[in-house]
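What follows is a short report on a single structure.
All of the numbers you see were taken from the coordinates with simple rules; none came from a lab. It should be emphasised that the depicted structure is a prediction, and the values quoted were computed from it without experimental measurement. Note that each Cβ is placed from the backbone with ideal geometry, even for glycine, and that neighbours are counted across all protein chains shown.
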């Protein structure tokens, strides 16, 4: 069961990368008039990458961190796992929808394109 939930999480991460790739390519082709990316924003994006991608990936692939797991019954694990899978799916859908709605105006930070 746990490996299945890890796979669902990894599939969600890959899906978000696939969703973002065409928008990132389009954004890189546009000429920027102004970019307002501060050092603080770059730092926060770095920490966000660490906390939302690298640490969950390490947790899912390495068994060294199993000591930090909650002790739950198998029924509670199933319920929380199902809820987590649902939330992961909803988050991936919202991520796709936000990119689709913004279209060419999508940018990870404040940028003004020509």
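The helix-only estimate of mean residue ellipticity at 222 nm for the chain, built from DSSP H runs of length n ≥ 4 each weighted as -39500 (n - 2.57), is -22500 deg cm²/dmol after division by the residue total.
Just to verify a number: FRET efficiency for residue 95 and residue 29, C-beta to C-beta distance, R0 = 22 Å, to 0.05?
Numbers: r = 22 Å, r/R0 = 0.99.
Approximately 0.50, to the nearest 0.05.
Largest mean-square fluctuation among 68, 85, 15, in a Gaussian network model of the chain whose springs join Cα atoms under 10 Å apart, belongs to 68. For residue 48 and residue 85, FRET efficiency with R0 = 22 Å and r from the beta-carbon atoms, rounded to 0.05? Computed FRET efficiency for residue 85 and residue 48 comes out at 0.50.
Percent relative contact order of the chain, based on C-alpha pairs within less than 8 angstrom and at least six residues apart?
Details: 54 pairs, mean separation 74.0, N = 114.
About 65 percent, as a whole number.
Approximating the spin labels as points 7 Å out from Cα along Cα→Cβ, the residue 102-to-residue 1 distance works out to 3.7 nm. Here residue 68 and residue 111 are evaluated by their C-beta separation; at R0 = 35 Å the FRET efficiency comes out at 0.35.
Going by the alpha-carbon gyration tensor, a ≥ b ≥ c the square roots of its eigenvalues, is the stretch 1-97 rounded (a/c under 1.5) or, if a/c is not under 1.5, prolate (a/b greater than b/c) versus oblate?
Working: a/c = 2.94, a/b = 1.92, b/c = 1.53.
Taking the square roots of the gyration eigenvalues as a ≥ b ≥ c, the stretch 1-97 is prolate.
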